[in-house]
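Visitor: One structure is given below, represented as structure tokens, and several questions about it will come after.
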Amino acid sequence: MALLLALLIVCHTLFTTHLCSATDTITHNTTLRDGDTIVSNGGTFALGFFSPGNSRKRYIGIWYNKVSEQTVVWVANRANPINSSSSGLLRIDSRPNLVIFDGNQTNPVWSNNVSIPITERTNPSSLFYKLLDSGNLVLVDENRGNRGSPVSSPVFLWQSFDYPTHTMLPGMKIGVNLKSGLNWTLTSWKSPDDPSIGDYSTWVDRSGPPEFFLRRGSRLIWRTGVWNSQQGWSGIPTLESESVLNYSFVNNPDEVSFSYIVYNTSIFSRFYLDDLGKIQRSVWRESGRRWDRFWEAPGDRCDNFGECGAFASCNPNDPWICSCLPGFEPKSPKDWNNLDRSQGCVRKRVCDNGDGFLRLLKIKIPDASNARVNMSMSIKDCEGECRKNCSCTGYANGGRNGDGIGLISCLMWFGDLVDIREYMDGGQEFFLRVDAVELGYVQTKRHPKPLFNLPVSDTNEEASANFELPSLELDTVMVATENFSPANKLGTGFGSVYKGKLPDGREVAVKRLSKNSGQGMTEFKNEVTVIAKLQHRNLVQIVGCCVEKEEKILIYEYMPNKSLDFLLFEYALDGLFSIKSDVFSFGVLLLEIISGKKNSGYYREDPSMNLIKQAWELWREGRALELVDPSMGSSYPIKEVMKFIQVGILCVQENAKDRPTMSTVILMLECEMTIPNPKQPAFVFISRTNSPRTSTAGTGSHSVSEMSTTIIEGR
């Protein structure tokens, strides 16, 4: 008992100059020196002096107390560090400001500048700063409660949550307080060693329905899209599937804000803006003692604001990335085909009385800064209002626009449509204004829009930069194939292929996907997208497709004497034909064109040899030109052919990660640039009988080395 009494006396003696034990408050008698900390009541957060990264400068900050990796969530003096690790101290002055001093207590290096009118000031002893378990540092007057509440419910005269740095914690708001003028904005650090204000910040745009933007200086980098209470932000479809967090958006006369809470408070979750301009959400995993990243933005090229210019959509699964919206064409076809999409697209035909609207699904609706909001208009009336004005380029149903306001039934866009992107899942619907010709084309196909509107490679610069894939009715396909008659069957692979004749007399090959193939709509779209983008005069042409009932069907031009299934699929692996495998297939095709040989052709001298292996060995030995078809003689540009061989081998490298994307391949072929040296390709060995005409694909593949197995991964 005497020992406890002595300890209490010592603590009381020291308390006016130094903290003797962990506490969650700073009072007018407290001096927090470098090395001291205060800890929230539940032990979740701590406040004290720290040095970020490799810096020796000292800052007052708040960090997770229960996380082994020091993770700072708020910094007080981010622009005014202390240069010595022994001279910093923190105390409260009479206003009551939270003040940081460097050495002497004459000139503070930082203050939170609390402004409380003198008439409202109370006894300083009733004022103290408290670190809450939410990570919020608050100034409390224990003698005053919140308005209408008992004194036991304290009022916050100041809180660190009103002045975010680079981290958003549960319960914190990002947005703007329209009454006080406070901007709840995230600002990046300059670097991991320097917490002063960096290049990136968040910003809320209220010129239309509110959207949150990420900026670098004044340049827009990324946007959330418009809020829909049923789906969240249209530009963050992954928010819909969250089961750990609950998101809230408020839009009323007092504030526009976004916040979230965590259902399980034992989970440490944070959003933060890093110094490279990425907004990330991460969760602490104690088992691995690390932060696991669950989401980030910008996440891909299509997240970049305005990546494809006006009146174009961005698809990250499309090797061309950008495509003009239906009824639009590239403003500069030459630049567009050279992969410069910054000028975007323009309308093919002017507005007239026959205009209508196409329904675009699963998209991030356009930047809404030039959109008009009508909260009382039905979606049908919205269409009628938009139709009256040629400047109205589209409309959408906005859904509920936050917890503080009612239903927004109508959003109408005027002027350019910018920053549209496509999603495989999620997103919203948008009604695009198109001319009568475009509308008539779509209506004759009994679809709300063409299934695909894709850029097409063509050697003619004046050629159209878009390819719209027609949709045929199932009845038409059945008549063309005589109800898929066995007599018309050409072959079987990942589906049956039939010969058919369309009403206009064209002979076609119809690939009917097997219902037992396991290929779903995603894989089917992949296949259609890739084949549609491979349009070329030397390749089989795709005529259209049919998606009706349970049928998924592709229609190609008919190639006599050969099974279409055999021609299209010398390179489809495990039933999956994707954009990535297309890079490998393109490389094989390029080598076949140069050599005049098939990759799976028969090599009498060495039955284990194939074209890829031969090309690699000749390249490695400096004899690559021996691959050229002898019928060419010497009438070819050596430099160009060498480049084509090099690009072809790059496309078939063993590791899929080493293979270039198709957009990079195009740049290599069309531009003067340094091309990397290829690594060893994936050697696909084919099981053969003695006859070169009866080759069949083996069940596996392996490299030249007998020590390792190669699995062909399409890029």
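Laboratory data are not the source of any read-out in this text; all were calculated from the coordinates shown. If you're wondering where the values come from, they're calculated on a predicted model, not measured in any experiment. For neighbour counting, all protein chains shown are included, and Cβ atoms are generated from backbone atoms with ideal geometry for every residue, glycine included.
Visitor: List every residue whose amide H lies under 5 Å from the amide H of LEU182, counting only residues 5 or more places away in sequence or on a different chain, with H placed 1.01 Å from N in the peptide plane.
Guide: So LEU182 has HN proximity to ASN177.
Visitor: So, one more: Please work out the FRET efficiency for the pair SER248 and GLU640, using the Cβ-Cβ distance as r and a Förster radius of 51 Å; give the result to the nearest 0.05. Please list the in-between numbers first.
Guide: On the way: r = 60 Å, r/R0 = 1.17.
Computed FRET efficiency for SER248 and GLU640 comes out at 0.30.
Visitor: Moving on to the next point. Extension gain GLU385-ASP658, at 0.36 nm per residue separation less the Cα-Cα distance, in nm? Present the calculation step by step, with values, prior to reporting the outcome.
Guide: Details: separation 273, 0.36 × 273 = 98.28 nm, distance 5.25 nm.
Working it through step by step, the gained length comes to 93.0 nm.
Visitor: From the backbone phi of region 103-110, what are the Karplus-calculated ³J(HN,Hα) couplings (6.51 cos²θ - 1.76 cosθ + 1.60, θ = phi - 60°) in whole Hz, Gly and Pro given as x?
Guide: Result, rounded to whole Hz: x, 7, 10, 9, 10, x, 8, 7.
Visitor: With each pseudo-label sitting 7 Å past Cα toward Cβ, what's the MET559-SER115 distance in nm, one decimal?
Guide: Roughly 7.6 nm, to one decimal.
Visitor: Something else about it: Checking the table LYS331/LYS639; LYS597/LYS679; LYS499/LYS549; LYS511/LYS549; LYS613/LYS643; LYS597/LYS657 against a 25 Å threshold on Cα-Cα, which pairs fail? Working shown, then result.
Guide: Values: LYS331/LYS639 34 Å; LYS597/LYS679 22 Å; LYS499/LYS549 22 Å; LYS511/LYS549 16 Å; LYS613/LYS643 18 Å; LYS597/LYS657 27 Å.
Over 25 Å apart, Cα to Cα: LYS331/LYS639; LYS597/LYS657.
Visitor: Given the peptides 160-168, 625-633, 353-361, arrange them by the average over their residues of other C-beta atoms within 10 Å, most packed first. Don't jump to the answer; show the numbers that get you there.
Guide: Numbers: 160-168: 21.3, 625-633: 12.7, 353-361: 15.8.
Top to bottom by mean Cβ count within 10 Å: 160-168, 353-361, 625-633.
Visitor: When a/c reaches 1.5 or more, the comparison of a/b and b/c decides; with that in mind, is region 256-406 rounded, prolate or oblate per its Cα gyration tensor? Walk me through the numbers on the way to the answer.
Guide: Numbers: a/c = 3.33, a/b = 1.48, b/c = 2.25.
It comes out oblate by the Cα gyration axes.
Visitor: Treat every Asp and Glu Cβ in region 199-332 as -1 and every Lys and Arg Cβ as +1, leave all other atoms uncharged, and give the resulting dipole magnitude about the Cα centre to the nearest 20 debye.
Guide: Details: 14 positive and 17 negative charges, 61 e Å.
It works out to roughly 300 debye.
Visitor: If I take R0 = 45 Å and measure r between the Cβ atoms of ASN54 and ARG206 in this structure, what FRET efficiency does the formula 1/(1 + (r/R0)^6) give, to the nearest 0.05? All intermediate terms of the calculation are to be shown ahead of the outcome.
Guide: Details: r = 40 Å, r/R0 = 0.90.
According to the calculation, E is roughly 0.65.
Visitor: Here is a follow-up. Suppose R0 equals 30 Å; then what is the FRET efficiency for LEU625 and GLU672 from their Cβ-Cβ distance, rounded to the nearest 0.05? The partial results should precede the final answer.
Guide: Numbers: r = 20 Å, r/R0 = 0.67.
So the FRET efficiency works out to roughly 0.90.
Visitor: Further question: Is the shape of region 165-299 rounded, prolate or oblate, going by the alpha carbon gyration tensor and its root eigenvalues a ≥ b ≥ c, with a/c under 1.5 for rounded and a/b larger than b/c for prolate? All intermediate terms of the calculation are to be shown ahead of the outcome.
Guide: Working: a/c = 1.59, a/b = 1.14, b/c = 1.39.
The shape class here is oblate.
Visitor: If we count other beta carbons within 10 Å of each Cβ, what is the order of TRP110, TRP413, fewest first?
Guide: Lowest count first: TRP110, TRP413.
Visitor: Still on this model: Mean separation of Cα pairs under 8 Å and 6+ residues apart, divided by the residue count of region 165-299: what relative contact order is that in percent?
Guide: Numbers: 273 pairs, mean separation 31.3, N = 135.
Averaging sequence separation for qualifying contacts and normalising by length gives 23 percent for region 165-299.
Visitor: Which is farthest toward the positive dipole end of region 259-367 among GLY277, SER342, TRP295, measuring Cα position about the Cα centre, with Cβ charges +1 (Lys, Arg) and -1 (Asp, Glu)?
Guide: Toward the positive end, the furthest listed residue is TRP295.
Visitor: Right, another one. What are the residues whose amide H is under 5 Å from the amide H of VAL256, where those residues sit 5 or more places off or on another chain and H is modelled from the backbone?
Guide: Distant-sequence amide H within range of VAL256: VAL176, LEU178.
Visitor: OK, next. Taking the simple approach of a point 7 Å from Cα along Cα-to-Cβ for both ARG293 and VAL346, what is their distance in nm?
Guide: Distance between the two pseudo-spin positions: 4.0 nm.
Visitor: If amide H atoms are built 1.01 Å from N in the plane of the peptide, which residues on other chains or at least 5 residues away come under 5 Å of the amide H of PHE328?
Guide: LYS348
Visitor: Given charges of +1 on the Cβ of Lys and Arg and -1 on the Cβ of Asp and Glu, with all other atoms neutral, how large is the dipole of region 46-110 about its Cα centre, in debye to the nearest 20? Numbers along the way, then the final one.
Guide: Details: 7 positive and 3 negative charges, 7 e Å.
My answer is approximately 40 debye.
Visitor: Could you check the spin-label model distance between SER514 and LYS679? Points 7 Å from the Cα along Cα→Cβ, value in nm.
Guide: So the label points at SER514 and LYS679 sit 3.5 nm apart.
Visitor: Test of understanding: ordering ASP367, ASP102 by Cβ neighbours within 10 Å, fewest first, what list do you get?
Guide: Working: ASP367 25, ASP102 20.
Listed from fewest to most nearby Cβ atoms, that is ASP102, ASP367.
Visitor: Could you pull out the trypsin sites (Lys or Arg not before Pro) across region 284-322 that fall in loop regions by DSSP (anything but H, G, I, E, B) with no more than 13 other Cβ atoms inside 10 Å?
Guide: On the way: sites: ARG285, ARG289, ARG290, ARG293, ARG301; in loops: ARG289.
Those satisfying the criteria are ARG289.
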